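Below is one structure, written out as structure tokens; comments come after it.
The values are calculated or read from the model by the stated rules, or taken from the named source; none is laboratory data. Predicted model only: the values in this text are computed from it and were never measured. Positions of Cβ are backbone-derived with ideal geometry, glycine not excepted, and every protein chain shown enters the neighbour counts.
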Amino acid sequence: FEWNAVEVNDRMVASPTVMVAMTAAVIFEPGTAILGVLLISALGPLRKKDFTDRRWFEPSVNFGQFVITSAASVTVLQLIRPDEVTLGNMWIIALGAAIAAMVHGVVNFQLVSYIVQSAYGRKGVRPWSRLGLILIPMLGMGLLGGLLGATYHLVGQVTLPLIFVVFFVGHMTFASYAQMREAQESTLRGFIKALEAKDLYTRGHTERVAYFSELIGEAMGFNGTQLERLRWAALIHDVGKLAVPRDLIRKKARLTEEEYAQMQAHVHHVEDLLAEVDFLQPMVDIATNHHAHYDGSGYHGPSHNDGDEPPLEASILAVADSFDAMTSTRSYRVALSQEYAFAELRRHAGTQFHPDVVETLVSTLTRRGERYGSLDLTDEQEARRRAEAHMFDHGDFGEHDHHDDDVSSVRTSTEPDDG
């Protein structure tokens, strides 16, 4: 069953294993049921890409957490289910299976969160925000598994073909969904790689903007689906630069008014480039409005008019985008300090930026103890001078990544900028 597990967030996966576990918990005695589930767990962590990529650590760790998770859920159902199964108490089995499925999900997510953060140092992995993405399917599969086991007790072995058919359908459903997710993510990765090849700065910037956006969204109460949509919008927010000339993207000097207008058009190019990618359309609307200001000024995507307040998701993306731009080293200046970035965001809150979003980012990063940018550089002109001195000293006049587009209109000069 795990061969078609679905990746939900980072290294976490969901699979139909819980359905098998619930069926076994109802049909067999406690010890036999747990043993059977443990045998399934031994094969569960094996996925095709583990063989192709020669990865053995993850299957080994997954086996351990599947053993604990499955044993916990089976034990819960064994404690709840009645000794004798009848039509009158099937509702108890159904309720027990639903509770056990929730235990399966909670224990699994907690273990995976601990493993990923410990083994990979991924502080950004927040499984609880993603639990909603698979909780309903997990409950459904657990409930179905419990009812299948109860049906076996009531009708007998003639139900075995039905049980296997249901297991197979569940397996194929996950397989289809897994393939669809892989195709979607491959499409998205293709666009990102193309942009990275054109603008080297985008490689780190895109991921950081996605991370900051998710931090803000989670703190503001977004659910799993909303957070996923926000992350994908962040990953595609600069895809429109694929339609912008490379020499303009990599220009080190400030842009002219005409060049500035060309750079502004990249938000419209996002919609043009992704118009045929149906699953990305909700994210496209967010991405195309990440340069729209809270007060209605700025420049909007094709789906919104000047003067309109941008969607909240676009406001989140705008703050994350500008914060990373100010705290990242560019070809024309070194990174500014986090305190400077916070001050600039607050200075423009209520006009360029959504005030609540700004304060959410500031409070979240402060609470988490995360720091970005220079430790003490708070003057943008000094940052530019240091960058110019660095390029002169090292003869670094070759191709560079790009600059102010992500700062939006947070700048220290009224000269044309790239937006």
Q | Residue count, the range 242-279 (criterion: out of contact with any helix residue (DSSP H, G or I) (no Cβ under 9 Å at 6 or more places or on another chain), at pLDDT below 70 and over 20 Å from Phe191 (Cα atoms)) | A | 1
**Q.** Among the candidates Gly170, Gly190, Gly146, residue that is at pLDDT below 85, part of a helix (DSSP H, G or I) and assigned by TED's automatic domain parsing to the domain that holds Ala25
**A.** Gly170
**Q.** Residue count for the range 202-241, restricted to those that are out of contact with any helix residue (DSSP H, G or I) (no Cβ under 9 Å at 6 or more places or on another chain) and either of a type in the set (Ser, Thr, Tyr) or assigned to a helix (DSSP H, G or I) (or both)
**A.** 0
Q) Just checking, how many residues over the range 76-94 are in contact (Cβ under 8 Å) with a residue 24 or more places away in the chain, farther than 15 Å from Thr23 by Cβ and buried (at least 16 other Cβ atoms within 10 Å of the Cβ)? A) 0
